[in-house]
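Bear in mind these aren't lab numbers, they're just calculated from the coordinates by the rules spelled out. Since this is a predicted model, take the numbers as computed values, not measurements. For neighbour counting, all protein chains shown are included, and Cβ atoms are generated from backbone atoms with ideal geometry for every residue, glycine included.
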Amino acid sequence: MSKAFGTFSGAYSRHQNSGMPHMDHDSSFSHGKRKRLNVVSMLINVLAPWLVFCGVFGAMSFYTHYTSPLLAWLVVLAGVAISALAGVLAYRTKMRDRDPTWYTFAFLAASLATIFATVFGDMNYWYNMQPYYDIENINTYPSVNPGREKGQQLMDAERVYFEDGTGLNTSKSMAFRNLDRYCVAPIVFGQEPLASYDFWAVGVNCCSGTTADFRCGEYDNPKARSGLRLMREDQRPFFRLAVQQAEAAYNIKANHPLFFYWMQDPVAEVMKYRSDGFKYAFIAIATHFAFNLLCVAGAAFAFSKISHEF
């Protein structure tokens, strides 16, 4: 009987080696069955790319980027390093003839998280948080009279509150066209002409460019007598060119022009930059979590389907 059993065992062993594919015991697949879903791997792939996104997005959006740009970009490099580590693990796992699917997914998910966080974090910083930090770090001047003070005296101004009787002289407005229309109008006190028009209200695409009109900011608010400093360095040269055109057209001088958004309450506008920055950060973080969760669910479904092909 032992001889017959040995003959049967040998025949069965040969049948296994020749007729069935070899499956590693550690593989996520088993012949004829659904893929065994590794819950730990799934949980790691839900959380790890999301945490990478949160770290990189936070570094690129907020105060780290403002005070230490190099440190912010080092965080981005850390995200790249984590992605590369997942890629190396996927490769090494494959070389050991084991299933690398979740490592491969981790590599792709962490790479996308790093890219998305860098791009959208930098956009949030550029449009919201950088203006907020810039404005918070310069001075506020009350009771400024455009007929008395000169632009050179207020070079570090961030918020300016003008005296009663200050307004916009829209008859001397001007626009400079460079794809967008950069509009300017002098801020004056009363109707008296000034020796130097150093204070200008500005806006983008809020004037016709063909007539002396100006519809930027709170131009039609009789209570508006304040200015919030323009902090966009990329726009400043175009507004300066618009002022130079106004100097030539109206025969006036602007020795040290300063540019402001005309409004009633600069404090509320400053806080809006901050609230928008945090709002978009929350939306980005929540959206990425949902996106990554769906990707993990889709990957788990796809891996289980692939198993039927073996």
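Computed values, structure above
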read-out: Least to most buried among ARG215, ARG92 (fewest other Cβ within 10 Å first); value: ARG92, ARG215
read-out: Cross-link pairs beyond the 24 Å C-alpha cut-off, checked among LYS150/LYS172; LYS150/LYS272; LYS150/LYS253; LYS223/LYS253; value: LYS150/LYS272; LYS223/LYS253
read-out: Partner aspartates and glutamates for LYS94 [C-alpha distance under 13 Å; skip if fewer than 8 residues away on the same chain]; value: ASP24, ASP26
read-out: Relative contact order [Cα under 8 Å, 6+ residues apart], region 139-266, whole percent; value: 29
read-out: Distance between modelled label sites at ASP156 and GLU233, nm, 7 Å Cα→Cβ extension; value: 1.9
read-out: 3J(HN,Hα) from dihedral phi, region 121-136, Karplus parametrisation 6.51/-1.76/1.60, rounded to Hz, x for glycine, proline; value: x, 5, 5, 5, 5, 5, 8, 10, 6, 4, x, 5, 5, 4, 5, 5
read-out: Stretchable slack from ALA81 to THR211, in nm (0.36 nm times residue separation minus alpha-carbon distance); value: 41.2 nm
read-out: Zone of PHE278's modelled label, taken as backbone nitrogen in region 56-81 under 17 Å from a point 7 Å along Cα→Cβ; value: 58-59, 61-64
read-out: Sites matching chymotrypsin sites (Phe, Trp or Tyr not before Pro) across region 112-209 that sit in DSSP coil, with at most 11 neighbouring C-beta atoms within 10 Å; value: none
